[in-house]
Amino acid sequence: MRLTSSRIIFGLYLILVIIGPFAAKAAGSDHKLTVGEAINAMNALNSLDVHSTGVVDKGGNQVMAPNNFIFSGPTHLTMARDIAQGTVALKAYQEAVNALRTRMASGVPRDKLTPDGVPADKDAEFKKQVQETFDAPTDVAMIRLKQSDLCLDAAPPACPEKNNIPVSILTMLLPIIDQ
């Protein structure tokens, strides 16, 4: 198969279409966080503060022990500010979902509502709108964390210890991490 200039251009176009959204997110410059990304980042940052791991004590019993991550003072402050911004996004999300639920359930007897609090015939639309709200862009301004500030690799003096942050937490932090 011979490569023509139009095939090369089409191939480059496909590559840009496929990786473009990921590159924009990684660059972070123009990426506006979604409500869900802000809430997930807030939850991940909260879990870094109170993270516990399962260990076995001297008696052979499974117990939870604190796993204290080490961060610099400025990184702690950035995390605190981001948690506050995530709280703003969470509150707005909850208010929007509650308003949607109230509107859809208006005039319907309580015994006719689904566990979500909406009539059965409106449940699919409710779930769709809740997801759209979660995926909507938000104006909260989270401060981006530098990957090096998370101390994933020990590099004295800034990182006296390596932080073994679980991948599940790092995944939720990706939208606010500069590589």
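The values are calculated or read from the model by the stated rules, or taken from the named source; none is laboratory data. Keep in mind it's a predicted model, so treat the numbers as computed, not measured. Using ideal geometry, Cβ is built from the backbone for each residue, glycine included, and neighbour counts are taken over all protein chains shown.
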Looking at region 126-135, is at least one residue closer than 15 Å to Met79 by Cα and either loosely packed, with under 14 Cβ neighbours inside 10 Å or touching a Leu at 6+ places or on another chain (Cβ under 8 Å) (or both)? no
All but one of (1) more than 21 Å from Ser47 (Cα to Cα); (2) surrounded by 13 or more Cβ atoms within 10 Å (Cβ to Cβ) hold for Asn163, so report the exception by its number. (1)
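Output the helices (runs of 4 or more DSSP H) that fall wholly within region 1-110 and possess 1 or more residues being at pLDDT below 95 and more than 25 Å from the chain's Cα centre (by Cα), or say none.
Numbers: elements: 5-27, 35-50, 73-105.
Passing ranges, in order: 5-27, 73-105.
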Looking only at region 124-171, count every residue that is among the small types (Gly, Ala, Ser) and within 16 Å of the chain's Cα centre (by Cα) and tell me the total. 3
Checklist (1) without any contact (Cβ under 8 Å) to a residue 40 or more places away in the chain; (2) touching an Asp or Glu at 6+ places or on another chain (Cβ under 8 Å) applied to Met79, failing item: (1)
